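Peer 1: My questions all concern the structure below.
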Amino acid sequence: MQTEHRLNQWLVAAAFPLLVASLPAHALMAGASPDSPGARVDPNTFSSPFAGVGSLSIGSSTYSGTLIAPGYVLTAAHVASGVAASDIVFNLNVGGNLTQQIGASAVYVNPGYTSFSSTHPADGDLAIIRLAQDAIAGTPSYSLYRGDLAAGTTLTLVGYGDSGNGDTGITSAFANPSVKRVGENNADFFAARVDGSIAKAIYYFDFDGPSAATNIIGGRTLGNSLETSLASGDSGSPAFVRDASGNWLLAGVNTFRFGTTTSFGNGGGGQLIAPYANWIDSVMAPVPEPSPASMLLSALGLLGVVALRGRRD
């Protein structure tokens, strides 16, 4: 596929296929050797700050998702759209491998979701999965970042799936629902929804290598052992920022990559959370329980209707 994006006020046309090829995002890349996919693995411990990031098993495929409440997972719409809840399993690796495997009871696709087109990545590419039961007590869930994300903000990406080195690309399949990797990249620039309803909806980043020749957008690499990008298995993975107190907040969901390969000089991006926070809140909002007083008034009203009817007959 191809996507058209705005880079430092310049409109990049389809004449530059390296920049405009776009695909759904599917795990995290390592830098060049001596960095390795193994060095990016986050341990499956109780103390990991990313213990609430899980994998989604749908058929034989592995994707990523994030707990935003004990019973709700945020992921990409293109992962869950059209999939029956009964076909989804959310895997958590808290204190070991696959320590929690929870089925889904419902799937909510963002009503503003549009599929990938020849000129733009999918808009509103978000879905919420309601779990059949809550994650066990103590499993972290993450609050939403509702502010205005500035260009150059460092995002921490956490995901499951394939990996490889930035100088060689994916070397073999590493997709594993019990193995998550961590890396960083900067939100280099932003784009609007195609319909113009949200001016700042999508973020982009490039995968900078040690050479300036691989820097296609601007800014510098975060370092060979930190800089990362997306590959197969990472769709629906989180992009975190930290607040002043050190808490991890969910700022985005990674949904696409661009470029002809997964090596240095390509990149990816996803959906900002802030424009869709109200929709997320509405899905998770509990139905208010009727109070005893309101139930009594309703009962008395019903009795009154019956009594009035009795007098009219």
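Peer 1: Once amide H atoms are placed 1.01 Å from N in the peptide plane, what residues at a sequence separation of 5 or more from residue 105, or on another chain, have their amide H within under 5 Å of its amide H?
Peer 2: Those lying under 5 Å, H to H, from residue 105 are 130, 131, 132.
Peer 1: Follow-up. Calculate, in nm to one decimal, what residue 81 and residue 134 gain on full extension: separation in residues at 0.36 nm each, minus their alpha carbon distance.
Peer 2: 16.9 nm
Peer 1: Same structure, new question: Tell me, what ³J(HN,Hα) does each residue in region 48-54 have, in order and in whole Hz, if you take phi through Karplus 6.51 cos²θ - 1.76 cosθ + 1.60 with θ = phi - 60° and put x for Gly and Pro?
Peer 2: Karplus values, whole Hz, x for Gly and Pro: 4, x, 10, 5, x, 8, x.
Peer 1: Let me ask another. So how do 146, 181, 220 line up by other beta-carbon neighbours within 10 Å, fewest first?
Peer 2: Fewest-to-most ranking of 146, 181, 220: 220, 146, 181.
Peer 1: Out of residues 5 or more away from residue 145 or on other chains, whose amide H comes under 5 Å of its own, with H placed 1.01 Å from N in the peptide plane?
Peer 2: Distant-sequence amide H within range of residue 145: 250, 251.
Peer 1: Let me ask something else about it. Which length gain, in nm to one decimal place, applies between residue 47 and residue 245 when the Cα-Cα distance is subtracted from 0.36 nm times their residue separation?
Peer 2: Additional length available on full extension: 69.5 nm.
Peer 1: Arranged from highest to lowest average of other beta-carbon atoms within 10 Å per residue, in what order do the peptides 186-192, 131-137, 79-85 appear?
Peer 2: 186-192, 79-85, 131-137
Peer 1: What FRET efficiency comes out for the pair residue 150/residue 101, r = Cβ-Cβ distance, R0 = 51 Å, nearest 0.05?
Peer 2: Efficiency, rounded to the nearest 0.05: 0.85.
Each reported figure results from applying straightforward, stated rules to the coordinates on display, with no laboratory input. Since this is a predicted model, take the numbers as computed values, not measurements. Methodologically, a virtual Cβ is constructed for each residue, glycine included, from the backbone with ideal geometry; neighbour enumeration extends over all protein chains shown.
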